[in-house]
Structures are given as C-alpha cells and as structure tokens.
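Okay, so here's the structure we're looking at.
A short reminder: the numbers here are calculations on the coordinates, not readings from a lab. It should be emphasised that the depicted structure is a prediction, and the values quoted were computed from it without experimental measurement. As a convention, Cβ positions derive from the backbone with ideal geometry for all residues, glycine included, and neighbour counts pool all protein chains shown.
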Amino acid sequence: MTKNRSQRNKRNRQMEADRSKDRRASRRGTDDLVHLFGIHAVAAAACNPQRPLIKLMATQNAEAKLRQEIKNMGGDPSKLDGITQNTTPKDIDQHAKDAVHQGLYLTAGQLESADISDLADANLIVILDQVTDPHNVGAIIRSSTALGAQALIMTGRHSPEESGIMAKTASGGLDMITMVTVPNLARALDDIADLGFHCIGFDSEESIPFESILQKTAPEQKLALVYGSEGKGLRRLTREKCAELARLDMPGPIKSLNVSNAVAMSLYGCHLRRQSVIN
C-alpha cells in the first residue's frame with residue numbers, strides 16, 4: 001500500500017468514526033424503536049445482549065414457548081420478567097396488523113451499526129448495493145446467517161430500515177449476524193479490501209462464471225460478495241471497486257434469479273468449495 005493511500009484511508013476511517021453516531025439515522029424510525037413478532041425473531045432478540053428489550057405482548061401459550069426457545073438458544077428467559085404483558089391474539093392483531101405474529105409482539109430498541117474495523121477476523125461477508133425490499137433483505141440475512149457469512153454491509157440510504165417484517169423474514173438472523181451500515185459504499189469497499197477481502201461483484205455484464213472464480217481462489221481467501229438491486233444491478237462505481245465481476249449461469253430457461261436467491265446460491269457455492277478442500 002502506498003503512503004498516500006494509507007493516509008487517505010486513515011482520514012476516511014476517522015471521518016467514518018466521527019459519523020458513527022448518525023450512521024444509521026436514515027434507516028431508523030423517529031423513536032429509534034423496532035417492533036418484532038414471531039417466535040424466532042423475538043427469541044433471537046431476547047438472546048442478543050446488544051438488543052434493548054422494552055415491552056413484550058404475549059399470549060400465555062406463546063410466552064411459554066418463547067421462554068423454552070430462549071433456553072434452547074442458550075439465553076436467559078428471565079430477561080422477559082417485568083416487561084411481559086399477557087394478552088389475547090386479538091389485542092396483538094391490533095398492533096401487528098396483518099403480520100403472522102404467533103402470539104408475540106416485542107417492542108425493542110434498534111441495534112447500533114458495527115464498524116468495518118470490527119470485521120478484521122471475518123472471512124466471508126455480504127455487501128448490498130441499494131437493495132431496498134425488506135423481504136429480500138430479511139431473506140438475505142437468513143441465508144447469510146445459515147450459510148456462514150459473518151456480516152452484512154448496507155448503505156444508510158436506499159436500504160430498508162430495521163423492521164418487524166425484515167426480522168420475521170430473517171427468522172432470527174437479524175440478531176445473529178453483524179450488521180454494518182455505511183454512508184459511502186465505494187469508500188467502504190476500499191476499506192474492506194484493505195482488510196484483505198477479495199471483493200466479487202455479481203453482474204451479468206463483462207463477468208465470468210462464479211464457479212470459475214472459486215476454483216482459482218484459495219480456500220482461505222477472505223471473500224466479500226457484492227450484490228446490486230434488482231433492475232439496476234450494481235452501480236458503476238461499485239462495479240469498479242470490485243476486484244472481479246461474477247455471474248451465476250442458470251441451466252434452465254429462466255436465466256436470472258431474485259437477489260435473495262442469488263445470495264443463497266453463491267454462499268452455498270462458497271460452502272461447498274471450502275468443504276471439498278477440508279475433506
């Protein structure tokens with residue numbers, strides 16, 4: 001690394017730190033609260049020491065199941081003491097509206113964003129370039145957590161705010177994976193590369209098959225997989241910051257995938273590659 005680049009990155013990291021308090025402002029509600037529902041999302045939130053718990057509305061049966069689930073996850077069900085209000089499904093319906101709440105509705109504080117420097121020991125991360133649909137992001141969080149990614153990076157703007165829909169779709173993953181929100185994705189990709197990550201962007205143009213990239217990449221190489229929004233794909237500067245551009249070739253008549261499916265498929269490819277080397 002050149003001296004000028006080192007100084008530039010040092011300044012960028014300082015600017016990032018100075019903005020840390022406001023980093024997630026554009027993704028938060030005005031009261032900094034999130035409303036979570038469903039047993040997996042609520043149990044994961046209760047097991048996350050970084051998640052402030054404020055109030056839980058629960059039916060008696062759902063509370064009993066929740067406490068057991070928290071125990072199964074290695075958490076402490078006593079965290080629910082003093083914040084739980086037993087109620088009826090109809091009362092919860094009025095708050096959760098059309099959501100499948102499973103008799104649980106938790107009001108909690110939103111999570112603070114981690115910093116890119118916190119990812120120094122990670123080896124597989126997912127980066128989203130303006131993916132805005134909360135269902136897609138929730139599904140991506142679920143797949144990323146299940147398939148061994150340690151972190152998810154998104155921009156503060158043009159990404160969904162933390163919500164019950166996202167958490168429910170993530171099936172608890174929102175409180176299990178490290179979430180990083182950045183104001184400038186291009187600068188973040190520079191910092192990620194400085195941490196030793198090989199950044200691979202997924203784009204149908206001027207790209208090579210993802211499996212070809214995996215075959216020539218050392219299993220121990222740290223990977224950052226970068227995905228663009230549906231329709232627009234990766235932005236120009238994001239593409240330029242990636243070390244390589246990959247595509248997922250489909251054998252069937254439909255040649256493209258929903259972004260959440262693309263994330264799951266490529267992460268599973270990484271898993272198979274590393275498992276084949278271990279075995």
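Calculated over the chain, the projected area of the Cα convex hull averaged across directions stands at 16.7 nm². Helix 134-146 and the long axis of the chain differ in direction by around 80°, with both axes built from C-alpha atoms. With the simple model of a label 7 Å out from the Cα in the direction of the Cβ, Asn61 to Asp121 spans 4.3 nm. The GluC sites (Glu not before Pro) of segment 139-239 that DSSP puts in a loop, and whose beta carbon has at most 10 other beta carbons within 10 Å, are Glu205, Glu206, Glu220. Structural descriptor for the chain: relative contact order 20 percent, calculated from alpha carbon pairs under 8 angstrom and at least 6 residues apart.
Each peptide in 165-171, 254-260 receives the mean, over its residues, of other Cβ atoms within 10 Å, and ordering these scores from highest gives 165-171, 254-260. In the structure shown, the pairs Lys71/Lys222; Lys168/Lys255; Lys90/Lys168; Lys97/Lys168; Lys71/Lys168; Lys65/Lys168 are assessed against 23 Å; a Cα-Cα span above that value is assigned to Lys71/Lys222; Lys168/Lys255. With only Cα atoms counted, segment 33-109 has Rg and Dmax values of 11.1, 32 Å. Computed over the chain, the per-residue total of -39500 (n - 2.57) for DSSP H runs of n ≥ 4 gives a 222 nm mean residue ellipticity of -12000 deg cm²/dmol, rounded to 500. Note on Glu211 and Ser256: their simple-model spin labels are 2.3 nm apart, each label 7 Å out from Cα toward Cβ. As a calculated quantity, the FRET efficiency between Asn184 and Asp81 at R0 = 35 Å, using C-beta atoms, amounts to about 0.25.
For trypsin sites (Lys or Arg not before Pro), the sites in segment 63-101 that DSSP calls loop and that have at most 13 other Cβ atoms within 10 Å are Lys97. Enclosing the Cα atoms of segment 46-174 in their convex hull gives a volume equal to 118 cubic angstrom per residue. Between Ser204 and Gln50, residue separation times 0.36 nm minus the direct Cα-Cα distance comes to 51.6 nm. The Gln68 and Gln221 beta-carbon pair, evaluated with R₀ = 51 Å, returns a calculated FRET efficiency of approximately 0.80.
Bridges between two residues of the chain, per DSSP, are antiparallel at a rate of about 30%.
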